[in-house]
Each structure stands twice: as C-alpha cells, then as structure tokens.
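Notes for the one structure printed next.
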Amino acid sequence: MHVTLICAVCGRQAVSGITHPICRGRYDIDGVFASLVYKGVAKRLIYQFKFEPYLTDLRHIVADLFYEGLIQQEAFFRIALDKAVLVPVPLHSQRERNRGYNQAEILAVDLGKRLGVPVKDILTRVKPTTSQVGKTQKERRENIKGVFQLRGTVDAKTVLLVDDVLTSGATLNEAAKTLKKAGVKSVWGLALAHGT
C-alpha cells in the first residue's frame, strides 16, 4: 500500500512529504517521510511494539520495515546524511517510566545502525500532553505547543527526527521549531507509519 505523505505544517497532502513553500516559516520542519500506512497489520504491529505487552523484541522487524520504506523514497536521498544526526522524539518522563522505554529512541538507534547515522538524544519533553487522537489540526498544535526543550548542544547541520506514527505532523513540527531556534539548518521528520 502506497504511503501518502503530508505537509507537517498544514496537514494536507504534499509531494514527497516536502513542506509546502507557502506553509514554510523560518522555524518549520522541511518535510516528513514515512515507511508504512498505519492500517491493518502495520497498525497491529506498531501497537504491539508500543503498548502492552511491550514487545521490544519486535524492534528488528519494525526497524527493517522502517529502513526499507525510507530507502525506496527518492526524495529521502536528497538529504545530506553524512552531516546528519537522528534525534528521537521524546516521551514525557512519566510516560516513559510507565512504559519502560521510548519506542522512538529504539527506532532511532536501529535505524542509525542501518543508515550509518549517529543518534543524539538532545530533546526533552518538559510537560505532559493529552493524546492527539481525535483532536483537530488546531487542537493538536495547541496541545503540543512549547513542550520540547533542548538539552545539550546541536553540532549537526541536519537533524532527522524519529517517531513511530505521523498523523497531522504537529509533534514533529513543534520539535523542529525547538531545533531550528537552536541553530539547526535543516530538520526532517522520519516516521515508521503515517495515518490517523
């Protein structure tokens, strides 16, 4: 099934996942890529990976699917990976303690090995948020506004933000704003799956 990519700023369909020129502001994300459609078997697999019974042993299968989906997208290869770092989208500390791990971090580490790109855990989520499920685009942006902070420094020109599921793009775009305000030139989102 073909993954239809979106502009992470407005949430509408976008060619190759590149942020629409009219939507792009100074600190907005440059674009997003996803490997799977969040439906059927992929949805069940991600659920098992992300929630009870916390099947982190699925990590290699999921990472293979993630990697294979990315390398089949021509626009993905236009990113200068040699000067890039992978940054997992953080969970709030309370949620990570409850789950026992951050699924985005697991994906970033395994993807980094396959792409030969280092992983830097430089973002932190400073306040908890409610679930994005069922919210409008505007509500999603408000829910996630100002929740990320940088810890440490960014020494890369390009950051590839890693998350498990891309819905509206609000989370990735908010994380990109934090990174770009810290001086990162280019920020791209990588999601295992895209869908509602």
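Only protein heavy atoms count here; on that basis, with a 1.4 Å probe, CYS10 has an accessible area of about 30 Å².
Based on alpha carbons, the Rg and Dmax found for the stretch 156-196 are 10.4, 32 Å. Extension gain for GLN132-PHE77 works out to 16.8 nm (0.36 nm per residue, less the C-alpha to C-alpha distance).
Here LYS83 sits with roughly 110 square angstrom of accessible surface, probe radius 1.4 Å.
In Å², what does the accessible area per residue of the chain work out to with a 1.4 Å probe? Roughly 50 Å² per residue, with all protein chains present.
With a simple spin-label model that places each label point 7 Å from the Cα along the Cα-to-Cβ direction, the separation between THR124 and ASP155 comes to 2.0 nm. Near ILE144: Cβ cut-off under 13 Å, other residues only, Lys/Arg at +1 and Asp/Glu at -1. The net charge is +4.
Of all DSSP bridge pairs formed entirely within the stretch 40-196, close to 15 percent run antiparallel.
Dividing the radius of gyration of the alpha carbons in the stretch 92-149 by their Kirkwood radius gives 1.04 for Rg/Rh.
Take 128-134, 29-35, 143-149 and order them by the average number of nearby Cβ atoms within 10 Å per residue, most first; the result is 29-35, 143-149, 128-134. Remark on the stretch 55-168: Rg and Dmax equal 14.8, 38 Å (Cα only). As a ratio to 2.2 N^0.38 Å, the alpha-carbon radius of gyration for the stretch 12-99 is 1.30. The local environment of THR4, defined by Cβ-Cβ distances under 13 Å, has a net charge of +2 under the rule Lys, Arg +1 and Asp, Glu -1.
Taking amide H positions as modeled 1.01 Å from N, with prolines and chain starts lacking one, the residues under 5 Å from ALA34 and 5 or more places away or on another chain are ALA191. By the rule of a C-alpha distance below 19 Å, with chain neighbours fewer than 8 residues away ignored, the aspartates and glutamates paired with LYS127 are GLU96, GLU105, GLU139, GLU142, ASP163, GLU174.
Placing unit charges on the Cβ atoms only, positive for Lys and Arg and negative for Asp and Glu, gives the chain a dipole magnitude near 660 debye about its Cα centre. Measuring between their Cα centroids, the stretch 163-194 and the stretch 84-134 lie 11 Å from each other. HIS60 exposes around 110 Å² of accessible area when a 1.4 Å probe is run over every protein chain in place.
The values are calculated or read from the model by the stated rules, or taken from the named source; none is laboratory data. Here the structure is a predicted model, which is why all the values come from computation and not from measurement. As a convention, Cβ positions derive from the backbone with ideal geometry for all residues, glycine included, and neighbour counts pool all protein chains shown. In case anyone asks, the SASA skips ligands and DNA or RNA and just uses the protein heavy atoms, side chains included. Shrake-Rupley method; radii C 1.70, N 1.55, O 1.52, S 1.80 Å.
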